[in-house]
Amino acid sequence: MIALPFFAVLLAALMTSLVFFAQQTLESVTARSGRLLLTGSDKAAVASKAAFKTRICNDLPSYLRCENLLLTAAKPDTFTAADFTQPTIRFDARGKPIDDLPFTIGEPGKITVLRVLYVWDLPTVSLGYDISNLPGGRRLLVGTAIARAELYK
């Protein structure tokens, strides 16, 4: 009689811990990668969205797959004008996320908002606990870095 509620709570705690751990990992990757945009220290890595995504993918831990990674960047005029609404994620016929989000980085001295998004396929646990926020039992994890870029050359 006690076993089912016990395992349900145990699985819920485990799932919540995994999501928290993955979210914190993505935040760390975003912070490290955001420094490239803000300092101009690696011009080849920020030359295009594809090059920047490759750089971020090389920094991901093995439990996060590059194919589920999405990037978006914007250059608002002021910090208060930055848009942090959840972007609309589209999926292809196989269920993989399509990375068609805008990617416009700011110039030296300008504000840049970098958002690294990860579509995580959650393990299925059918005990009434659902932490997905996307269709198909997926969770969108978001790492954000916003700062005024240095006056690099």
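The values are calculated or read from the model by the stated rules, or taken from the named source; none is laboratory data. Every value quoted in this text rests on a predicted model; they were computed, and no experiment measured them. Cβ sites come from the backbone with ideal geometry, for glycine too, and all protein chains shown count toward neighbours.
Residues checked against (1) over 19 Å from Thr144 (Cα atoms); (2) assigned to a strand (DSSP E or B); (3) touching an Asp or Glu at 6+ places or on another chain (Cβ under 9 Å):
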| residue | (1), (2), (3) |
| --- | --- |
| Val9 | yes, no, no |
| Leu37 | no, no, no |
| Ile56 | no, no, no |
| Ala73 | no, yes, no |
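Results for (1) touching a residue at least 24 places away in the same chain (Cβ under 8 Å); (2) outside any loop (DSSP other than H, G, I, E, B); (3) under 14 Å from the mean Cα position of the chain (by Cα), shown as yes or no for each residue.
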residue	(1), (2), (3)
Pro76	yes, no, no
Thr85	no, no, yes
Gly95	yes, no, no
Leu101	yes, no, yes
Pro108	yes, no, no
Val116	yes, yes, yes
Val119	yes, yes, yes
Tyr129	yes, no, no
Taking the stretch 68-92 only, how many residues are more than 15 Å from Val113 (Cα to Cα) and surrounded by 10 or more Cβ atoms within 10 Å (Cβ to Cβ)?
5
Residues in the stretch 101-112: is at least one surrounded by 11 or more Cβ atoms within 10 Å (Cβ to Cβ), farther than 12 Å from Ile146 by Cα and either among the hydrophobic types (A, V, I, L, M, F, W, C) or at pLDDT 90 or above (or both)?
yes
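Could you say whether any residue in the stretch 1-22 is more than 30 Å from Gly137 (Cβ to Cβ), surrounded by 11 or more Cβ atoms within 10 Å (Cβ to Cβ) and either touching a residue at least 40 places away in the same chain (Cβ under 8 Å) or not acidic (Asp, Glu) (or both)?
Filtering the stretch 1-22 for residues more than 30 Å from Gly137 (Cβ to Cβ) gives none.
Checked against the condition, which is being more than 30 Å from Gly137 (Cβ to Cβ), surrounded by 11 or more Cβ atoms within 10 Å (Cβ to Cβ) and either touching a residue at least 40 places away in the same chain (Cβ under 8 Å) or not acidic (Asp, Glu) (or both), the stretch 1-22 yields no hits at all.
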